[in-house]
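Participant: Sharing a structure with you now.
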Amino acid sequence: MSEICQICGLPKDLCICERKVEEKIIVRIEKRSYGKVVTLINGIQRDNKELKEIASKLKSKLGCGGTIKNGIIELQGDHRRRIKELLIELGFNNIEIY
Ligand SMILES: [Zn+2]
């Protein structure tokens, strides 16, 4: 029997309350060769499957291409203006934009 979380009432091994608090999302812009710019989203502590779902939602909302490298979501273009709002919609709350 595992312990029950006081916040959500789920067993501790299913609960993501603590993970949500720890998850700090860092968004930054990186310039690539040939004047290309990518938006990097770092700090999402999810498994690969969930990360792919998040990335594809962001790509369709922003209408851009993108990929995942070492747990970091890379989106083509500069999306700093809209990304925070979209990440909040997806349930993230601790987001810093650089
Ligand atoms: Zn919980």
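All of the numbers you see were taken from the coordinates with simple rules; none came from a lab. Here the structure is a predicted model, which is why all the values come from computation and not from measurement. Positions of Cβ are backbone-derived with ideal geometry, glycine not excepted, and every protein chain shown enters the neighbour counts.
Participant: Once you measure Cβ to Cβ distances between cysteines in the chain, which Cys have no partner under 4.7 Å?
Facilitator: Cys with no partner Cβ under 4.7 Å: C8, C17, C64.
Participant: Taking H placed 1.01 Å from N in the peptide plane, check which residues at least 5 places from G66 or on another chain put their amide H under 5 Å from its amide H.
Facilitator: Correct list: Q76.
Participant: Add +1 for every Lys or Arg and -1 for every Asp or Glu among the other residues with Cβ under 12 Å from the Cβ of Q76, and state the total.
Facilitator: Result for the local shell: 0.
Participant: May I ask which of K31/K57; K31/K84; K12/K84; K12/K59 have a Cα-Cα span longer than 27 Å here?
Facilitator: K12/K84; K12/K59
Participant: Please tell me the relative contact order of the stretch 25-97 in percent, rounded to the nearest whole number, where contacts are Cα pairs under 8 Å and at least six residues apart.
Facilitator: Result for the stretch 25-97 is 36 percent.
Participant: May I ask you to evaluate 6.51 cos²θ - 1.76 cosθ + 1.60, the Karplus curve with θ = phi - 60°, for each residue of the stretch 25-37 and list the ³J(HN,Hα) values in order in whole Hz, giving x for glycine and proline?
Facilitator: Ordered by residue, 3J(HN,Hα) equals 8, 10, 10, 9, 9, 10, 8, 10, 5, 6, x, 7, 10 Hz.
Participant: Let's see if you can work this out: charge +1 on each Lys and Arg Cβ, -1 on each Asp and Glu Cβ, no other charges. What is the dipole magnitude of the stretch 25-97 about its Cα centre, in debye to the nearest 20?
Facilitator: Roughly 260 debye, rounded to the nearest 20.
Participant: Give a residue-ordered list of calculated ³J(HN,Hα) values for the stretch 85-98 (Karplus: 6.51 cos²θ - 1.76 cosθ + 1.60, θ = phi - 60°; whole Hz; x for Gly, Pro).
Facilitator: In residue order, the calculated couplings are 4, 5, 5, 5, 4, 7, x, 8, 10, 9, 10, 10, 10, 10 Hz.
Participant: Can you give the log10 of the normalised intensity I(q)/I(0) at q = 0.16, 0.27 Å⁻¹, computed with Debye over equal Cα scatterers of the stretch 25-97?
Facilitator: -0.48, -1.48
Participant: To the nearest 500 deg cm²/dmol, what mean residue ellipticity at 222 nm is calculated for the chain from DSSP H runs of n ≥ 4 alone, each contributing -39,500 (n - 2.57), summed and divided by the residues?
Facilitator: Mean residue ellipticity, 222 nm, calculated: -9500 deg cm²/dmol.
Participant: For the residue pair K24 and T67, what label-to-label distance in nm results when each label sits 7 Å from Cα along the Cα-to-beta-carbon direction?
Facilitator: Modelled inter-label distance: 2.9 nm.
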